[in-house]
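Here the structure comes first, spelled out in structure tokens, and everything after it is commentary.
FYI, it's all coordinate maths here, none of it is from the lab. Here the structure is a predicted model, which means the values were calculated and not measured. Glycine gets a Cβ as well: all are built from the backbone with ideal geometry, and neighbour counts include every protein chain shown.
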Amino acid sequence: MKNILLRGYYGFGNAGDDALLQTILKSIESFDRNITIISKNPLPLNLMKKNKNVELNNINLVKAMFINDVVIYGGGSQLQDFGTFKNFLTLLRSLILNWIMKLRNKKVVYLGISIGPISSLRGKYLVKKIMKSCDLVIVRDQESFDFLMNISEDLSKYMLSPDLVLSFERDRKLAYIKEENIQKTLGINLMPHYSEIKKDEKVEKIFMNNIVALIKENPEIKIKFFQFQNKSIMNDERTYEKLKKHIAVQNIKVKVEFIKYKNIENLVSEMRNCNFFIGMRLHSAVLCDVLKIPHIMLSYHPKGIGYAQYLGYKESMVVNCDSENQYSTKLQKLIDKPEDFLVNESVIASRTVIKSSFYKVNKLIEK
């Protein structure tokens, strides 16, 4: 029986990473394996019926490298540095952990990840070493794949596959939250990236003002704000409170319902009641594609552009957060012609590629 370690941004109260974890587990649990998931906080019980959960800390990480046969870094932006020393240390830690696995002649897999931004020479050097230590690397966007092509001589262990959450399937034993309401619903997700990471309140005001203008022009539409991150300084509730203030300043008589993130099943169930969606977090767009909800992606990071390009998004479906002139026509068009904001055929094709990715992973594990 193989011992598998799953390592990602799990247990941080992030909907995208929880969806990634659930998708990965569904595809690798079907075999006779012991799976350990290392996470910041305890995981939901429905994910732990067959698996072991270990708290994230350096001691547990090192211990895990000595008792598992395969480590899978599952999903997300696993390799980036933004030019900061803190992210450099994170990359260095990953390299050391991978070296432990290779000294034991065990396997290292990066599955469904993005690479970058890599803003420093030392960061690029470490990522190159990390990739050399891997047995299989599956990236989710063309830019990450091109990066691998440029830094490596052995291309056989690299694969391009769309975001794994496109193959997400909810627990069918759980009931959906159904609303009997003729009134159409606009779902919104905004995150405090510019105020907390970029320290740029100006860009945040741009997309806040444009969304408030859309709400003002469409008073008949019900508004729901979806929280995709409920912990850390990146808690989406921060932007929800700012949005409410912007609405109050404009003296708009509308209630914005706050959908608190509890777990991925509850979030998906609530999203199904939306007729349109405007989202900033990548996995708000991915889940809209899964659920066939017409939507616009507010792009703040290269991973969003990479995802949109892979699925063949129309130009109207993406708004760069800092491009003020893109908002007015695109947002209203979403309300007026929602059928133009779907990519259903691309999702079906993507699931076939994802299935092939998991086949490669499972084949490697069984070697």
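Counting Cα-Cα pairs of segment 1-96 in 5 Å increments starting at 0 gives whole-percent bin shares of 3, 12, 24, 25, 20, 10, 4, 1, 0.
Take the Cα of residue 143, step 7 Å toward its Cβ, do the same at residue 85, and the gap between the two points is 2.7 nm. Of 147, 277, the sequence from fewest to most neighbouring Cβ atoms within 10 angstrom is 147, 277. Return the long-range amide H neighbours of residue 141 (sequence gap of 5 or more, or a different chain), with a cut-off of under 5 Å between placed amide H atoms. Placed amide hydrogens put 161 under 5 Å from residue 141.
Counting residues in segment 32-86 as N, plug N into 2.2 N^0.38 Å and put the Cα Rg over that result.
Segment 32-86 yields a ratio of 1.32.
Under a 5 Å amide H cut-off, with hydrogens placed 1.01 Å from N, residue 320 pairs with 299 among residues at least 5 apart or on other chains. On the beta carbon distance between residue 63 and residue 346, with R0 = 30 Å, the FRET formula returns roughly 0.10. Taking a straight Cα-Cα cut-off under 16 Å and skipping sequence neighbours fewer than 8 places away in the same chain, the aspartates and glutamates within cross-link reach of residue 129 are 81, 153, 154.
Which is farthest toward the positive dipole end of segment 99-256 among 189, 168, 108, measuring Cα position about the Cα centre, with Cβ charges +1 (Lys, Arg) and -1 (Asp, Glu)? It is 108. For residue 54, nonlocal amide neighbours, meaning residues 5 or more places apart or on other chains whose placed amide H falls under 5 Å from its own, are 37, 38, 39.
Please tell me the relative contact order of the chain in percent, rounded to the nearest whole number, where contacts are Cα pairs under 8 Å and at least six residues apart.
Value for the chain: 16 percent.
Dipole of segment 185-347 computed with +1 at Lys/Arg Cβ and -1 at Asp/Glu Cβ about the Cα centre; of 232, 213, 284, farthest Cα towards the positive end is 232. Normalised by the number of residues in segment 215-367, the average gap of Cα pairs under 8 Å and 6 or more apart makes the relative contact order 17 percent. Relative to the dominant Cα principal axis of the chain, helix 15-28 is inclined by about 40°.
Computed with the Debye formula from one identical point scatterer per Cα of the chain, without solvent, the log10 of I(q)/I(0) at q = 0.11 Å⁻¹ comes to -0.76.
Computed about its Cα centre, the charge dipole of segment 185-347 is approximately 440 debye, with only Lys, Arg, Asp and Glu carrying charge at their Cβ. Note on the chain: dipole from Cβ charges, positive end direction compared against 301, 264, 11; the farthest Cα belongs to 11.
Contour minus end-to-end for residue 99 and residue 32, with contour as 0.36 nm per residue of separation and end-to-end as the Cα-Cα distance?
21.5 nm
By the helix-only formula, in which each DSSP H run with n ≥ 4 contributes -39500 (n - 2.57) and the sum is divided by residues, the chain has a 222 nm mean residue ellipticity of -13500 deg cm²/dmol. Comparing 248, 64, 19 in a Gaussian network model of the chain, where Cα atoms under 10 Å apart are tied by springs, the biggest mean-square fluctuation is seen for 248. For segment 123-130, backbone phi angles converted through the Karplus equation (6.51, -1.76, 1.60; θ = phi - 60°) give residue-by-residue couplings of x, 4, 4, 5, 4, 4, 5, 4 Hz, Gly and Pro being listed as x. Each label point was placed 7 Å from the Cα along the Cα-to-Cβ direction; for residue 128 and residue 217 their separation is 4.9 nm.
Assuming charge only on the beta carbon of Lys and Arg (+1) and of Asp and Glu (-1), the dipole of the chain about its Cα centre is about 1120 debye to the nearest 20.
Mind running the shape call on segment 185-347? Use the C-alpha gyration tensor, a ≥ b ≥ c as the square roots of the eigenvalues: rounded below 1.5 for a/c, prolate if a/b tops b/c, oblate otherwise. Because its axes are fairly even, with a/c under 1.5, segment 185-347 counts as rounded. 3J(HN,Hα) along segment 183-194: 5, 6, 10, 9, x, 10, 9, 10, 10, x, 4, 6 Hz, from the Karplus curve 6.51 cos²θ - 1.76 cosθ + 1.60 with θ = phi - 60°, whole Hz, x for Gly and Pro.
Where Rh is the Kirkwood radius over the Cα pairs of segment 302-367, the temperature 10 °C and the viscosity 1.306 mPa s, what D in µm²/s does Stokes-Einstein return?
111
Normalising by the residue count of segment 20-168, find the relative contact order in percent from Cα pairs under 8 Å and 6+ residues apart. About 22 percent, as a whole number. Packing order of peptides 69-79, 280-290, highest average first: 280-290, 69-79 (average count of other Cβ atoms within 10 Å over each peptide's residues). Among residues other than residue 54 with Cβ under 12 Å from its Cβ, the summed charge is +3 (Lys and Arg +1, Asp and Glu -1). Phi angles of segment 234-242 translate, via the Karplus equation with coefficients 6.51, -1.76, 1.60 and θ = phi - 60°, into HN-Hα couplings of 8, 4, 5, 4, 4, 6, 4, 5, 5 Hz per residue; Gly and Pro are given as x.
Segment 197-264 and segment 323-367 have Cα centres spaced 24 Å apart. Fully extending the segment from residue 250 to residue 92, taken as 0.36 nm per residue of separation minus the present Cα-Cα distance, adds 52.0 nm. Size descriptors for segment 2-160 (Cα atoms only): Rg and Dmax, in that order, 15.0, 43 Å.
Were the residues from residue 51 through residue 258 laid out at 0.36 nm apart, the gain over their Cα-Cα distance would be 71.3 nm.
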